[in-house]
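Notes to accompany the following structure.
No lab work stands behind these numbers, since they all come straight from the coordinates. Since the structure is predicted, the reported quantities are computational estimates derived from the model, not experimental observations. Cβ coordinates were reconstructed from backbone atoms using ideal geometry, including for glycine residues, and neighbour counts include every protein chain displayed.
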């Protein structure tokens, strides 16, 4: 603890340049030796961007769950393939039988209000409204994702039926002390809430989904403070069901008549486009790389994978994996020591090495560097302000794991790619982040 107190003082008030030698190797070794982390639980790789040569490494090929830095690897080939002008589109078609077809684009930016705009193109009496959801497959959850995280708003399900971020707002409203609080939702979605939460003098509660009975049964227990409501976004259990309910609401609000049954159907040549709604895909790249959005990462990887596979594409994770594998092979990047089971890095079944990450960054420097977040922005909004426009990076955090990777330009105007992955239960998350900063500042000064 004393070592990290010293480290904190150094970070706050500036380093004495005598702390570091004139080379990166000693600077990084000093940072690690001044911490409480064992060398067996950290992997580091640093390479010169201009020469490609390794200037420092520690356990560079040690398999480690990368957390969200994996998003760099999965999103880069996806956005290169889709292009900066890609748009998520939701389209409405009509055939000569006056039958309508809504073609989904798995648009992660689609909102209920957008459906209101689309239904304006429908007639008063809707004979048939079918849905083409073939843009991506039906798998809505990543391999190895923890079921106890299924109420985490950062981990919603992903689907062709993406709408409202696949989240639903729940409000727990206090009443009279000692009495049950009220539980309210703002939208129509069939959910049963088991209310075991009492109004009291403090807020201390937990929310659990009863998957062993029904995923649409949620228990809320504990206490809520008087006059202080709890507002929480929770993932929708069935995006498909939620989407169809929102579509029906939009049709009813527009005073249109429809059966409310929306059969699945593929787009064929006898349909003509009536209207569409689109959102810029380039915004998703920022949300993935700068704000680490999991829904965006999973959706884009599948969409791009389907495009890559052409007529054989199903919009599956495996399509995206084939795209990524061929992308790395074309760049002569060795993938033998990595394992990828989702696009976002949420699963601990993902495995990468620091050496792989720096090699990937080297090969894609011109495309990637300024698409990452700089210090003081995105997931680095409260970190390393002194490295703004000198550091472009992606961070990652999982239980016991902290990682950061990217590009850094030093005081001597040298540019390096780096990857730091720390995997230990013995340090608090804040201490791991502090060690990362200590290493990066050492590189900046000594490099």
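For the reader, a short list of remarks on this structure follows.
- With the convex hull drawn over the C-alpha atoms of the chain, the volume per residue is 163 Å³.
- Difference of contour (0.36 nm per residue) and Cα-Cα distance, residue 81 to residue 211: 43.0 nm
- Gap separating the Cα centres of the stretch 291-363 and the stretch 161-230, nearest whole Å: 37 Å
- Where only C-alpha atoms are counted, convex hull volume of the stretch 284-355 per residue in Å³: 103 Å³
- Potential extension, residue 138-residue 169 segment - 0.36 nm per residue separation minus Cα distance: 8.8 nm
- Among 348-356, 385-393, 210-218, the peptide with the highest mean count of other Cβ atoms within 10 Å heads the list, and the full ranking is 348-356, 385-393, 210-218.
- In percent, rounded to a whole number, the relative contact order of the stretch 28-73 is 27, using alpha-carbon pairs under 8 Å and six or more apart.
- When peptides 60-73, 38-51 are ranked by their average number of other Cβ atoms within 10 Å per residue, the highest-first order is 60-73, 38-51.
- Sorted by Cβ density within 10 Å, fewest first, the residues 101, 398, 361, 295: 398, 101, 295, 361
- C-alpha long axis of helix 2-13 to longest principal axis of the chain, angle in °: 80 degrees
- Two-site FRET efficiency, residue 33 against residue 413, from Cβ-Cβ distance with R₀ of 35 Å, rounded to 0.05: 0.80
- For the chain, the longest principal axis of the alpha carbon atoms and the long axis of helix 294-309 meet at an angle near 80°.
- MRE, 222 nm, helices only [DSSP H, n ≥ 4, -39500 (n - 2.57), over the chain, to nearest 500]: -8500 deg cm²/dmol
- Pairwise FRET efficiency - residue 365 versus residue 276, Cβ, R0 = 51 Å, nearest 0.05: 0.90
- Rounded tilt (10° steps) of 70-82 against the dominant C-alpha axis of the chain: 60 degrees
- Measuring nothing but how far apart in sequence close Cα pairs (under 8 Å, 6+ apart) lie, relative to its length, the stretch 87-280 scores a relative contact order of 32 percent.
- Residue ranges 151-160, 134-143 sort as 151-160, 134-143 when ordered by packing (mean number of other C-beta atoms within 10 Å per residue, highest first).
- Each of 436, 225 was scored by other Cβ atoms within 10 Å of its Cβ. Arranged with the fewest first, they read 225, 436.
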